Amino acid sequence: MERDFGAGDDIRFTRMGKAGIITLTRAQALNAVNHRMIRAIAKALEEWRDDDAVELVIIKGEGRAFSAGGDLQEIYHSGRAGKPDTGFFADEYRLNAAIANYPKPYVALIDGIVMGGGVGLSCHGSHRVMTEKTVFAMPEVGIGFFPDVGGSHILSRLVDSYGQYLALTGNRIGQGDAIWCGLGTHAVASQDLEALTDELSETGKVEAALSRRCRKVPRDIDDATIHVLSEHFSLGTLKDVVASLKEAADKGDEFAGTTLATMETRSPTSLHVTFREIDLGAMLSIEESMRMEFRILNRMLESHDFYEGIRAAIIEKTKDPKWQPARLEDVTKEMVDAYFDPLGEGELEL
C-alpha cells in the first residue's frame, strides 16, 4: 500500500506488513535531497510513530546511491539570488533530530553512495546496514562548507579520532571501515537486501533478521595507520594537527604527506570551523548539536567560500576554488568565533 506524503516522484512511501518503507527515487540525481523530500519524510515518520500497526521504518535508495547529499545547485542559486533557504536546513536538521530520537527501529539500507544530507537520513537511525557497495564521505570542507546534518554529533563519537580525520579531509571510506569505526551497525551483502526487507516487513523482528544475514567484513585501514591517525587527529588544536602531520611528512611518512596534501586543498575557513564543531560535538546532545550547526549554517550561507566551492565543484566544474582567506594562518580566532555566535530570535527550534 503506497502513500503520498507530498514528495511527488522523488520518494515512494509504502506500507508493507509491519514496516513503513521509504524509498528515495531520484536515482538520476543520486537521490539528492530537496526541501519537498525533507518535509514528506518528516510527515511520514510522524504518522507512523503513532500508528501501532507500523513496528519499524526502513529507508533505502534506488540506483547507485542511497543519497549523495543535499541538492546543492538549488541551494547555490537561491543564495546567489540573495534568498538563502535557511528554511530547508531548519526542516532538515529537525528531521535529523527526529530520526535520532525515533521510538521505533529505524533501519537504513545503505547500498551505495552516502554523503552529506544522505548521512543525516541514515546514520542517526538505530540500525545502519552497510553493503559492499557503500561509499561514505562527509566532503563538505572541499566546497567551503562544514559537516552538518548532525555531523558534529555522529563524527565526534567515532573511535580513535577517526571522525575528526573524516571531517577534515572529506575522504571516502567503504563498508569495512564504516563498520569498524561505528558508522554502520551491520554488514549485509547487497544481494540479500530484498530478502531482508521482506523478512523485516513480515516479522518486525529486526535483530533476528539482521543477525541471520550479518557478516564479518575486514576493515581497509591497518593497525599502524589507525595508531598514527589517532596520534595526529586527537591533538587539541587544528594548528597542532597540521604541525604534527607536517613533521611526520617531512620525515617521509606517506600517510601524513597524503593527508596534509588533501587538507591543503580544502577551505581554510571550513577546516577551522569544522575542527571546532567536531571537538564541541562530543560534549553535546543531538539537539544541542543541531542548534550549533544551524548557527554555523547561517553564517556559511553569508560567506564567500561556500558559493565559491560549489561554483568550482558543481556549477562550472573548474575544480579551482579561490578560498578567502587562502591560508590556514590567516583565519583568526575571532573569525571562527563568529560562526558559533548565538542567532538571537533566529535560533533553531526543535
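The values are calculated or read from the model by the stated rules, or taken from the named source; none is laboratory data. All figures in this text were calculated on a predicted structure; none of them were measured in a lab. Note that each Cβ is placed from the backbone with ideal geometry, even for glycine, and that neighbours are counted across all protein chains shown.
State which residue is surrounded by the most Cβ atoms within 10 Å (Cβ to Cβ) when the search covers only the range 56-83 and only residues that are of a type in the set (A, V, I, L, M, F, W, C) and outside any strand (DSSP E or B).
ALA68
Is it the case that SER152 is over 22 Å from GLY118 (Cβ atoms) and assigned to a helix (DSSP H, G or I)?
Criteria not met by SER152.
Here is a check on your reading of the model: is LEU348 touching a Lys or Arg at 6+ places or on another chain (Cβ under 7 Å) and assigned to a loop (DSSP other than H, G, I, E, B)?
So LEU348 fits the description; yes.
Out of ASP91, ASP111, which single residue is under 28 Å from THR169 (Cα atoms) and free of Cβ contacts under 8 Å to residues at least 60 places away in the same chain?
The unique qualifying residue is ASP91.
What do you reckon, is VAL228 farther than 23 Å from ARG295 by Cβ, touching a Cys at 6+ places or on another chain (Cβ under 6 Å) and not assigned by TED's automatic domain parsing to the domain that holds ALA19?
Answer is no for this residue.
Report yes if ASP177 is in a loop (DSSP other than H, G, I, E, B), at pLDDT 95 or above and among the charged types (D, E, K, R), otherwise no.
Here the answer is no, as ASP177 does not meet what is asked.
Go through the residues of the range 25-35 one by one and say whether even a single one is charged (D, E, K, R), crowded, with 16+ Cβ neighbours inside 10 Å and either assigned to a helix (DSSP H, G or I) or touching a Phe, Trp or Tyr at 6+ places or on another chain (Cβ under 9 Å) (or both).
No: zero hits.
Specify which of the listed residues (SER201, SER244) is crowded, with 16+ Cβ neighbours inside 10 Å, more than 15 Å from ASP111 (Cα to Cα), in the same structural domain as TRP48 (by TED's automatic domain parsing) and among the hydroxyl-bearing types (Ser, Thr, Tyr).
Details: SER244 fails: in the same structural domain as TRP48 (by TED's automatic domain parsing).
Only one candidate passes the filter, namely SER201.
Just checking, how many residues over the range 87-125 are over 12 Å from ALA42 (Cα atoms), surrounded by fewer than 22 Cβ atoms within 10 Å (Cβ to Cβ) and within 15 Å of the chain's Cα centre (by Cα)?
2
Output the residues belonging to the range 36-54 that are within 17 Å of GLU2 (Cβ to Cβ) and in a loop (DSSP other than H, G, I, E, B).
Of everything in the range 36-54, those that are within 17 Å of GLU2 (Cβ to Cβ) and in a loop (DSSP other than H, G, I, E, B) turn out to be ASP51, ALA53, VAL54.
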